[in-house]
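Presented below is the structure to which this report refers.
The values are calculated or read from the model by the stated rules, or taken from the named source; none is laboratory data. Predicted, not measured: the structure shown is a model, and the values here were computed from it. Because the Cβ atoms are built from the backbone with ideal geometry, glycine has one as well, and the counts that use them run over all protein chains shown.
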Amino acid sequence: MGMRKLRMGMIGGGKDAFIGAIHRIAANTDGMIELVCGALSINKEIAEDSGKSLYLPAERIYTTYEEMLEKESTLPAEKRMDFVTIVTPNFAHYAPAVMALEKGFHLVIEKPITISLDEAKKLKSKLDESGLILCLTHTYTGYPMVKQAKSMIENKAIGAIRKIYVSYCQGWLSKLSEREGNAQAAWRTDPKKSGKSGVMGDIGTHAFNLAEYISGLKVKEVCADLNVVVKGRALDDDGSVLLKFENDCTGVLIASQVAAGEENNLSIKIYGELGGLEWNQQEPNTLLVKWLDKPTEIMRAGSGYLSPIAQRNCRTPGGHPEGYLEAFANIYRNFSSTLLARINNQKIDSGTIEFPSINEGLRGMAFIESVVRNYESKEKWTTFSV
């Protein structure tokens, strides 16, 4: 079989959803993927309307994921989808993911990977059995300057890491929006749909993932405080976690969705023996490098002095703003390059082509559960267990 586009199916992400459209833009960016089918909503009418508005063929607009996976698996190899993207709320990740693996389809899954650590572990053993590829869309690891920071730390540019501060603050849940018809707020604050934690599951996992990804260090223990700030809310909307990493590094993680006035303020500062790195998601083309004994450097995306992995994930010349959509597209491109290489029996450069996987998914769920367990217990520190 010659070179061709990858064929993608989507579960969830209909016209009433936010993240589905983001995934489709990201998947389209590099011309490597085409959307061929979808079960885009549990609401039959929305599923059908959404499929039509995306110009999907009528016979490949499905109203349940079971029907989609069943029918797609019976199509001839040159027609059926290669992978499926799951963009449903957290509680509806596991069942379609398992069925997709059983039917032989690769997976892209929105984070957090499942609703519980137990489900994540079961999904990992299914994935290991299947030998298929799973990509978890931890978007922020797709930014070129995040990759630059990671490669600088790998190369010991700032020496051994001593301290990590990571903070993710939003203000959009400052009111009881879930009772005012906000569908995004409604499922994210419902324990049955979201899981054991609200803020830590939704955005705390991003902050945690970013800290581990850039530093290359794993969290070993947590000490957590969770709050329900808005009265009447069923899950935490604010929290802080003290972190103990490997190598005697310590850290602080703050996540809040009641920081009124904040939009999507994710920022990280990592300090080593020789200096520190600082990156802010709202100014993503810039990485500050602060030295102990000389002036601060400002590194910029699109520059020739960046590491190979950062350069591979830049898309425009310096000074042209790149952001969230491009970072998302980098995850899809790296996943697609890996999958196409497998299909065509080619090798890839794993030094510059990487994406979050089942392992990050497992650690994300372990983070949520370790934090909740610590908060509910009387002990000061809880061992982080996967």
Here is a check on your reading of the model: is Gly104 assigned to a loop (DSSP other than H, G, I, E, B), over 20 Å from Glu354 (Cβ atoms) and either among the aliphatic types (A, V, I, L, M) or not assigned by TED's automatic domain parsing to the domain that holds Val258 (or both)? yes
With respect to Pro76, determine if the residue is in contact with a helix residue (DSSP H, G or I) (Cβ under 8 Å, 6 or more places away or on another chain) and not assigned by TED's automatic domain parsing to the domain that holds Lys193. no
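Yes or no, residue by residue, for (1) of a type in the set (Ser, Thr, Tyr); (2) under 29 Å from Gly318 (Cα atoms); (3) touching a residue at least 60 places away in the same chain (Cβ under 8 Å):
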| residue | (1), (2), (3) |
| --- | --- |
| Ser197 | yes, no, yes |
| Ser215 | yes, yes, yes |
| Lys220 | no, no, yes |
| Ala224 | no, no, yes |
| Lys231 | no, no, no |
Counting only residues in the range 279-317 that are exposed (fewer than 13 other Cβ atoms within 10 Å of the Cβ) and more than 20 Å from Ala157 (Cα to Cα), the one nearest to the chain's Cα centre (by Cα) is identified as Gln282
I'd like to check something: does the range 248-261 contain any residue that is surrounded by fewer than 21 Cβ atoms within 10 Å (Cβ to Cβ), of a type in the set (A, V, I, L, M, F, W, C) and under 21 Å from the mean Cα position of the chain (by Cα)?
yes
In the range 348-380, residues that are loosely packed, with under 15 Cβ neighbours inside 10 Å and modelled with pLDDT of 95 or more total 6
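Could you check the range 242-295 and list, in sequence order, the residues that are charged (D, E, K, R), within 30 Å of His320 (Cα to Cα) and in contact (Cβ under 8 Å) with a residue 40 or more places away in the chain?
The answer is Glu262, Glu263, Lys269.
Quick one: in the range 352-383, of everything that is over 20 Å from the mean Cα position of the chain (by Cα) and not in a helix (DSSP H, G or I), which residue is farthest from Pro308 (Cα to Cα)? Working first, answer last.
Of the residues in the range 352-383, the ones over 20 Å from the mean Cα position of the chain (by Cα) are 372-383.
So of that shortlist, the ones also not in a helix (DSSP H, G or I) come out as 377-383.
On the way: Ser377: 45, Lys378: 47, Glu379: 44, Lys380: 42, Trp381: 39, Thr382: 38, Thr383: 36 Å.
My answer is Lys378.
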Across the range 167-201, the tally of residues that are crowded, with 24+ Cβ neighbours inside 10 Å, of a type outside the set (Ser, Thr, Tyr) and under 19 Å from Glu369 (Cα atoms) stands at 6
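Output the helices (runs of 4 or more DSSP H) that fall wholly within the range 118-235 and possess 2 or more residues being of a type in the set (A, V, I, L, M), or say none.
144-154, 183-188, 205-215
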Taking the range 2-27 and keeping only residues that are free of Cβ contacts under 8 Å to residues at least 60 places away in the same chain and assigned to a helix (DSSP H, G or I), one is left with Ala21, Arg24
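Evaluate the following for Thr63: is it within 25 Å of Ile133 (Cα to Cα), assigned by TED's automatic domain parsing to the domain that holds Ile109, polar (S, T, N, Q) and touching a residue at least 12 places away in the same chain (Cβ under 8 Å)?
Answer is no for this residue.
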